[in-house]
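Since every read-out is calculated from the coordinates, none of them should be taken as a lab result. Treat the numbers as computed from the prediction; the structure is a model and nothing was measured. Cβ placement follows ideal geometry from the backbone for every residue including glycine, while neighbour counts extend to all protein chains displayed.
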Amino acid sequence: MGAVRRTTRVVLQEAARIPLPPGQVVGLVLDVVLNRLRPIRVAEPKARREAAGVGLALVGAGITGWAVAERRRKTTGNFSLGHPEDLVTSGPYALSRHPMYLGWWLIHGGVAVNRGSAWALVTLPAGMLVEHLGALWEEATLRERFGQSYADYERDVPRYVGSPAWLIRTSLQTARRPTPAAIAMDKGSNSGPVDESAPNGAQIRNPAAKNAAT
């Protein structure tokens, strides 16, 4: 039980660090309240609708969690989402400049679809508008702080989501990009003089290693 309590405490502490976007929090609450006061149901088979809603919400939670994890991975000091140490452009930030907003929009939409509430057609866009204004303010702050680095990032990565073709191409390029460890190993293997006396295709770049092996 002690391990369970510790794990629960860590999860709650981490969750408390994630800022809740006010537009989506208010929108979700309004959607629930309005759906109770004056239900407007979506005409769709219940099982299919609930499955689609859960799927959307899980994808949104996954994107948000991935973004938080990437920000934490790039932080060496005290972790604070509102005060980044450096400009993070990896992970989900290579595909969207605001992946957490995108994740919360999917969560909001998923909850509404799962409940069969058509009020999300009003509450979700209203919340998105509020957060869009916040995103513009954040971008101005980051542009002032990181200068040309953010200008280049802004040019290469869409604010929220790119076209499907762009997403596929960028994802493939990111997957094929060598890791820092692989780059370091490649540099190490290419260092040192080449033993020209070795047969073609079997040149040894480190004669000392050759001698030790023979």
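Assorted remarks:
- Size of region 46-175 as Cα extents on the principal axes (Å, biggest first): 49, 32, 29
- Using a simple spin-label model with pseudo-atoms 7 Å out from Cα toward Cβ, residue 73 and residue 50 lie 3.5 nm apart.
- Net charge, residue 141 excluded, C-beta distance under 14 Å - Lys, Arg +1, Asp, Glu -1: -1
- Length released on extending from residue 81 to residue 42, taking residue separation times 0.36 nm less the Cα-Cα span: 10.4 nm
- 18 Å reach of a label modelled at residue 33, 7 Å along Cα-to-Cβ, counting backbone N of region 116-136: 117-128, 130
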